[in-house]
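The values are calculated or read from the model by the stated rules, or taken from the named source; none is laboratory data. This is a predicted model, so every value here is computed, not measured. Counting neighbours? That spans all protein chains shown, and the Cβs are built from the backbone with ideal geometry, glycine included. The accessibility values were calculated without ligands, DNA or RNA, using every heavy atom of the protein model including side chains. Shrake-Rupley method; radii C 1.70, N 1.55, O 1.52, S 1.80 Å.
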Amino acid sequence: MTWRRPTFRISDGRTIAGAWCLVWRKYDRLDEHYPEHLFVYADGRITLGQYAATDLAGLAKQLASGKIALDRPDAREWPAEPSKWESRSPEPRTDESFLLETADEIARLAGRPTAGDLLREAIRCYQRETTETNRALLRAAYLAVPAHLRVYVLGDMTARTGRCGSW
């Protein structure tokens, strides 16, 4: 999913940075999904179109209830890769990984480190001192990155040299 910026909202005379992406919203009276803008802001506020604001917990509830879908529900399925081991495709995006991605986008907008930033710092710590504690911290930082973005976080995916990209 691609987050688009810049956008913003004004609150108490302050400009709050934001980003948006498209999701599929199911309306209560209809049994169909329609594209809708999902806005996130640096202060953690999340809005769907021009409707009531929520937070990450509220977004999780809407995703679990089916009121919001990440992909078009009636879209055709892509053919499966012949071998997962030979594939360069990322993990499939799930509601949980989308919530992690949304939290990362809020952190980025607020100027805080994202999961990718924390992973790169954990890599540097492990390279300086290869202890079991640093390895466990590195593993935890890797797993904190949304699963569908892990394949991209360490470097250039267009270089097929068999090495991780530049850290």
- Query: For the stretch 153-160, does any single residue satisfy the condition of being within 18 Å of the chain's Cα centre (by Cα), part of a helix (DSSP H, G or I) and either at pLDDT 95 or above or among the aromatic types (Phe, Trp, Tyr) (or both)?
  - Reply: no
- Note on the structure: Residue pairs qualifying under the 8 Å Cβ cut-off, at least six apart or on distinct chains, with the first in the stretch 118-129 being assigned to a helix (DSSP H, G or I) and the second being among the aromatic types (Phe, Trp, Tyr), are 119/142; 120/167; 122/142; 123/167; 124/167
- Message: So, in the stretch 105-117, how many residues would count as being assigned to a helix (DSSP H, G or I) and open to solvent by less than 30 Å² (accessible area, probe 1.4 Å)?
- Response: 5
- Would you check if there is a residue in the stretch 40-54 being open to solvent by 20 Å² or more (accessible area, probe 1.4 Å), modelled with pLDDT under 90, in a strand (DSSP E or B) and hydrophobic (A, V, I, L, M, F, W, C)? yes
- Task: Scan the stretch 55-67 residue by residue and report those that are in contact with a Leu (Cβ under 7 Å, 6 or more places away or on another chain) and open to solvent by less than 30 Å² (accessible area, probe 1.4 Å).
- Result: 59
- Kindly list, by first and then second residue, each pair from a residue in the stretch 34-45 that is closer than 21 Å to residue 112 by Cα to a residue that is in a loop (DSSP other than H, G, I, E, B) and modelled with pLDDT of 90 or more, limited to pairs with Cβ atoms under 6 Å and residues at least 6 apart or on different chains. 44/55
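So that you can scan it fast, the table gives a plain yes or no per residue for (1) farther than 17 Å from residue 107 by Cβ; (2) assigned to a helix (DSSP H, G or I); (3) modelled with pLDDT of 90 or more; (4) open to solvent by 70 Å² or more (accessible area, probe 1.4 Å):
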residue: 21; (1), (2), (3), (4): no, no, yes, no
residue: 73; (1), (2), (3), (4): yes, no, no, yes
residue: 76; (1), (2), (3), (4): yes, no, no, yes
residue: 80; (1), (2), (3), (4): yes, no, no, yes
residue: 87; (1), (2), (3), (4): yes, no, no, no
residue: 90; (1), (2), (3), (4): yes, no, no, no
